[in-house]
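Every number in this text was worked out from the coordinates using simple rules, so none of it is lab data. Please read all numbers here as calculations on a predicted model, not as lab measurements.
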Amino acid sequence: MTSASSPRILLVEDEVQTATAVSESLQQEGFQVSWSPSGSSGLRLLASNAFDAVILDWMVPELSGLDLLKKLRKEGKKVPVLLLTARDAVEDRIRGLDTGADDYLVKPFALAELAARVRALLRRGSNLGDTPSIWKIDGLEVDEYAHTVKREGTVVTLTAKEWQILVLLLRNANRVVSRETLAHEVWPGMNRATPLDNVIDVHLANLRRKLEDGQTGRLIQTIRGVGFLLRSAQS
């Protein structure tokens, strides 16, 4: 049973049988579900309605799930997105998450797990959305409201994952963030058995290059065997 305060979920899925099963299961869990059979109609629904989360199949017609996701993130929309796909290669999972997906579920999946993932996304989105902040440290200015990053007044363009890493480090400034925490918070759909160390290192290296090239001192330090630490180079 749903109510006016029930979370609103947009399901973008072209397989009618899957869409019906998912919709009925989520409605029984108390969600309001709107269904779109194509990426283009899903995009129109997102433009004219407020949703609390999106369940998005990768391979939908007219506009792929990945292209729809790119458009959402390019427009600055932060609605949590759970990506559904039959693609199970590590490279595909990384690609989907780097495009801006918040979680990832491979078909076939258990409906109970899908509902649990959606609830987790809603909790995470609520926690992140409660207190957006503005940080200033060593010439770095990050505005979580406007989703902007500047260093010494120059705009710095980050990928979705680089942004998530930076915000996580800023929220834990002067405290070490472990690799496990990074993996859990930034790549939540990835099984920790999947080797993520190289992926984390590449993203951290790119983030450092964008923030620190031409600057004195390092904002982001590697604490060998533990994790990463963001603090003022003056401290």
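Per residue of the chain, what 222 nm ellipticity follows from adding -39500 (n - 2.57) for every DSSP H run with n ≥ 4, rounded to the nearest 500? Could the numbers behind the result be given before it?
Working: 8 runs with 99 residues, N = 235.
Result for the chain: -13000 deg cm²/dmol, rounded to the nearest 500.
When DSSP beta bridges are limited to those with both residues in the chain, what percentage is antiparallel, rounded to the nearest 5? Don't skip to the answer; put the middle values down first.
Numbers: 16 of 33 bridges.
Of all bridge pairs located within the chain, approximately 50 percent are antiparallel.
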